[in-house]
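Report on one structure; see the data block that follows.
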Amino acid sequence: MASLEAKFPQNPPLKTQKLVLGAQIGLRILTIAFTLAATWVVLTSRQSTMAFGIPVDARYSYSPTFKFLAFANAIVCVLSVLSLLLVFFLCRQGSNPVKFYYLFLHDLSMTLLVLAGSAAATAEGNIGRNGNTHSGWMPVCDYVGKFCNKMTTSVILSYLAFACLVMLTILSASNSRLIQV
């Protein structure tokens, strides 16, 4: 048993702590960038065109799903900025596993929020791009292709933010696993 404890020390070396801190900061900055860009793309996406002599106007605000995507990304962007500041604060105070547990819960909730918005927008975007023949819904991306491409870009950026948040959640969970009861 003593040899097992010697192989896996309780406190990781300082170099490892700095590497984890650098990864946390880098991933949080990427998350901020991806969610800010996704929010901006959604909020600025609109297109007006004519289809069969009828004016067609496509805006994100016409769809509750796209509104949810925009607001979910905006909320996660703000919370990511706050969590970045929290990581700097935790860095100054030293690593306390209990504090990293709260950061884990925070990262997990942001991950789920981005995933919910991305998944909902993906489902609606699929119907807009391909239609649904069983329900009689025609594809609309043939008429408002610029709008559809912008929304696709926003969803891709949201999934990239989701990937960063999953990695952050894993990092936070691994830092909080040292809690002693």
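Restricting the first member to region 50-67 and to residues that are more than 23 Å from A120 (Cβ to Cβ), and the second to residues that are part of a loop (DSSP other than H, G, I, E, B) and open to solvent by 40 Å² or more (accessible area, probe 1.4 Å), the beta-carbon pairs closer than 7 Å and six or more apart or on different chains are A51/Y143. Annotation note: Cβ proximity below 6 Å between a residue of region 20-39 that is over 11 Å from V81 (Cα atoms) and in contact (Cβ under 8 Å) with a residue 12 or more places away in the chain and a residue that is open to solvent by 30 Å² or more (accessible area, probe 1.4 Å) and among the small types (G, A, S) (sequence gap 6+ or interchain) occurs for T39/A74. Against the criterion of being part of a loop (DSSP other than H, G, I, E, B) and either among the aromatic types (F, W, Y) or modelled with pLDDT under 85 (or both), V181 qualifies. Pairs are defined by a Cβ separation below 6 Å, a sequence spacing of at least 6 or placement on different chains, a first member in region 155-171 that is in contact (Cβ under 8 Å) with a residue 24 or more places away in the chain, and a second member that is among the charged types (D, E, K, R) and buried (at least 19 other Cβ atoms within 10 Å of the Cβ); the pairs so defined are L168/D107; T169/D107. What residue, among those in region 34-58 that are open to solvent by 70 Å² or more (accessible area, probe 1.4 Å) and closer than 21 Å to G128 by Cβ, is modelled with the lowest pLDDT? Checking each candidate, the answer is F52.
Under 25 Å from M151 (Cβ atoms) and surrounded by fewer than 21 Cβ atoms within 10 Å (Cβ to Cβ) - does that describe any residue in region 79-98? Within region 79-98, one or more residues are under 25 Å from M151 (Cβ atoms) and surrounded by fewer than 21 Cβ atoms within 10 Å (Cβ to Cβ). For region 11-33, the condition holds for no residue, the condition being that it is modelled with pLDDT of 95 or more and under 30 Å from Y143 (Cβ atoms).
Scanning region 126-168 for residues that are farther than 15 Å from T35 by Cβ, open to solvent by less than 60 Å² (accessible area, probe 1.4 Å) and of a type in the set (S, T, N, Q) gives N132, T152.
Yes or no, residue by residue, for (1) among the hydrophobic types (A, V, I, L, M, F, W, C); (2) touching an Asp or Glu at 6+ places or on another chain (Cβ under 7 Å):
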position: A37; (1), (2): yes, no
position: S63; (1), (2): no, yes
position: A70; (1), (2): yes, no
position: V81; (1), (2): yes, no
position: F88; (1), (2): yes, no
position: V98; (1), (2): yes, no
position: Y101; (1), (2): no, no
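The values are calculated or read from the model by the stated rules, or taken from the named source; none is laboratory data. This one's a predicted model, so the numbers in the text were calculated from it and none came from an experiment. All Cβ positions, glycine included, derive from the backbone under ideal geometry; neighbour counts span all protein chains shown. The area values use the complete protein model at the heavy-atom level, side chains included, leaving out ligands, DNA and RNA. Shrake-Rupley method; radii C 1.70, N 1.55, O 1.52, S 1.80 Å.
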